[in-house]
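The values are calculated or read from the model by the stated rules, or taken from the named source; none is laboratory data. Only a predicted model underlies this, so the values are computations on that prediction, with no experimental measurement involved. Heads up, the Cβs are rebuilt from the backbone with ideal geometry, glycines too, and the neighbour counts pull from every protein chain shown.
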Amino acid sequence: MRRLGFILNVFATALFAAVVVMWFRSHRVADVLMWQQWRADAGSMYRGTFRTLTSGRGVVGIDLTDLTTAFRATSDVKPKFEWTRADASQFLLPNETFWNRIGFGYVSEKQSARGLKDATVTTRSYWLPHWLVAGVASVVPLRWMIALVTRGAGCARGAGTTCASVRGAVRNAGSRSLRARRPRRPRRHHHADEQQRRLGDVALHRPPVQRAKLGRG
């Protein structure tokens, strides 16, 4: 479970870094990722479905466009992705309201397409600023970093049962290694010490001549 949490935190941190990179890139380049598919509608009509994700001029937007026409633009009915990029100055944004100027917006319209027979275009566009996406994406990485810093500071102060147990284990391991490196003193045999003590007592209670002989012996 702890490993899964670590993997999720790393993924959230990588996602936050990618959002920040796209934010700075959007001021120079407008990136457009589009998915489209054509299919036959009722009668002789065709419906084209377009879903676009756009990043440019500090905002990220989603466009949902449905085109209904008597002639489809391509004979390929399989869905496909397409990625294009352009200069950020070509990415036009409305700025009529305060919310538009800080990066929020919504547009919904339905109109006839010029030059196409019985064609109607329905478009819904939503966009929001990159700084909001980056702020939301930074919640998990910041929480993770604060937890790591707090845990490290607690261990430095010696607080917490986990840190105390870790420090105790390290201290015990160090004392065991120190005892292992310390040279052992040779053990003295108590039986030989006892015999030497008795011999000394006997020598003290003997006459001086016998003590001299015992010393020479």
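Values computed for the structure shown
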item: Selected residue (criterion: modelled with the lowest pLDDT) from residues of region 17-63 that are touching a Ser or Thr at 6+ places or on another chain (Cβ under 9 Å) and among the charged types (D, E, K, R); result: 41
item: Checklist (1) more than 21 Å from residue 110 (Cβ to Cβ); (2) at pLDDT 85 or above applied to residue 66, failing item; result: (1)
item: Considering residues of region 12-42 that are within 15 Å of residue 145 (Cβ to Cβ) and without any contact (Cβ under 8 Å) to a residue 24 or more places away in the chain only, the residue farthest from the chain's Cα centre (by Cα); result: 17
